[in-house]
Amino acid sequence: MIPFLDLKAPHQELQSELDEVWARVRDSGWYILGPEVDAFEQEYAAYCGAQHCVGVANGLDALHLALRALGVGTGDEVIVPSNTYIATWLAVSQCGAVPVPVEPDPATHNLDPERVEAAITPRTKVILPVHLYGQPADLDPILSIARRHGLRVLEDAAQAHGARYKGQRIGAHGDAVAWSFYPGKNLGALGDAGAVTTNDPELADRLRVLRNYGSRAKYVNEVQGWNSRLDPLQAAILRVKLAHLDEWNARRAEIAALYLRELADCGVVLPQVPDWAQPVWHLFVVRHPRRDDFQQRLAQAGVQTLIHYPIPPHRQQAYAGLGLAEGALPIAERLAAEVLSLPMGPHLPHADAKMIIGAVSEC
Ligand SMILES: *Cc1c(COP(=O)(O)O)cnc(C)c1O
């Protein structure tokens, strides 16, 4: 069986560097925040072309605390994509605010800017596009709608480390950008980790206070904050892996190019890349009208695939309270029924990619 993703291979490739990291952190005496976290924050901000980076415990907290720092609270509304991982919506709900879903452009699976304006109400505070599957959302029209209506923009970049929009790396187009370093992401820790990048020094300062008990000086609490700090051991591991991110993203792009070329006439709908987007192929998602059968046939041929995501947030029991019945968001529902993610990763051997292409062609 060709596995969907090999999580061990990147760490075997970097074994000696990672062993050094463990010894360095162990001997440093700093186990909460401190120099490794500061260094990663500086290096990741520089990588993204952002002024500031604030490390937090995971991607959901990055979204939640960024929304809090942008002033989102009870009764506010935040515009979110109808097809995304549920974390995007949960972060809004955790603020006591309401996620207002907007349907995607089915060609790119990303928030359709043409539909955003109709969803704005006097309670809207933030527009929250997601760079789904590692492909940037169309930010310019979203940013100009936000400016026109006095709204802020938070980007969910949990799948888009290193992706570029019109040549510029994701990381500082909107007011704030939330990152996850969950192990399977393009830049992944050996556990949970996350961050927010921004060019706004006051926002960065508020985030530093919110992630650390609402405190700037020990035992002095300005606000009721959270405990959501980036772990120094994870920060040190991320520093090692950041140095390899571009090379690993390039290997993903080679596999994506192979898939795009060889699967052009195989009865699956391939991902479409607008000319202004430079995606990082966190996932390679195809569509098939009889997806479940197709997935089963691929499994029989020895190819493990996954579905991102089988149930859109509005159809989860967790959001039954919104009262969005089946058919309420038809594009998200159709995508959820048709999408299938092929194996993709920097350590997927090209020979395996060719076997996968053969299996897809025959299914
Ligand atoms: C992974 C992911 C998150 C959440 O990240 P965690 O670190 O698992 O909390 C949020 N949004 C999207 C789009 C993701 O893929």
Query raised in the report: Hey, what do the phi angles of region 345-361 turn into as Karplus ³J(HN,Hα) couplings, whole Hz, using 6.51/-1.76/1.60 and θ = phi - 60°, x for Gly and Pro?
Result: x, x, 10, 6, x, 4, 4, 5, 4, 5, 5, 4, 4, x, 5, 5, 4
Query raised in the report: Sorted by average packing, counted as other Cβ atoms within 10 angstrom per residue and highest first, what order do 125-138, 266-279 take?
Result: 125-138, 266-279
Report summary line: So Q94 and A46, fully extended at 0.36 nm per residue minus their Cα-Cα distance, gain in nm 14.3 nm
Query - Label-point gap, in nm, between E262 and K354 - each point 7 angstrom along Cα→Cβ - result: 0.7 nm
Query - Gyration tensor verdict on region 4-56 (Cα atoms; rounded if a/c is under 1.5, prolate if a/b is larger than b/c, oblate otherwise) - result: oblate
Report summary line: In whole Hz, the Karplus estimates of ³J(HN,Hα) for region 202-219 (6.51, -1.76, 1.60; θ = phi - 60°; x where Gly or Pro) are 5, 5, 4, 4, 4, 5, 4, 6, 5, 6, 10, 6, x, 10, 9, 10, 3, 6
Report summary line: Rounded to the nearest Å, the spacing of the alpha-carbon centers of region 219-266 and region 1-70 is 9 Å
**Report entry** Phi-based couplings in Hz for region 27-38 (Karplus 6.51, -1.76, 1.60; Gly and Pro marked x)
**Finding:** 7, 7, x, 9, 10, 10, 6, x, x, 5, 5, 4
Requested in this report: Would you compute, from DSSP H runs of 4+ residues alone, the mean residue ellipticity of the chain at 222 nm, taking -39500 (n - 2.57) per run and dividing by the full residue count, rounded to the nearest 500?
Outcome: -11500 deg cm²/dmol
Query raised in the report: If you bin every alpha carbon distance in the chain into 20 Å steps from zero, what whole percent lands in each bin?
Result: 30, 58, 13, 0
**Report entry** Restricting region 1-81 to GluC sites (Glu not before Pro) in coil, as DSSP defines it, with at most 10 other Cβ within 10 Å
**Finding:** none
Query raised in the report: Which peptide among 237-248, 185-196 comes first, and what is the full order, when sorted by highest mean count of other Cβ atoms within 10 Å?
Result: 185-196, 237-248
Requested in this report: Take peptides 62-69, 282-289, 254-261 and line them up by average Cβ neighbours within 10 Å, highest first, as a rough protection proxy.
Outcome: 62-69, 282-289, 254-261
Query raised in the report: Using a simple spin-label model with points 7 Å from Cα along the Cα→Cβ vector, what separation in nm is obtained for A299 and H244?
Result: 3.1 nm
Query raised in the report: Long-range amide H contacts for W30: which residues qualify at under 5 Å (H placed 1.01 Å from N, peptide plane, sequence gap of 5 or more or a different chain)?
Result: none
Query raised in the report: Cα convex hull of region 211-320: mean projected area in nm², to one decimal?
Result: 12.8 nm²
Query raised in the report: Running Debye on region 1-139 with equal point scatterers at the Cα sites and no solvent, what base-10 log of I(q)/I(0) appears at q = 0.14 Å⁻¹?
Result: -0.87
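Just so you know, all these numbers are worked out from the coordinates, no wet-lab data involved. Here the structure is a predicted model, which means the values were calculated and not measured. As a convention, Cβ positions derive from the backbone with ideal geometry for all residues, glycine included, and neighbour counts pool all protein chains shown.
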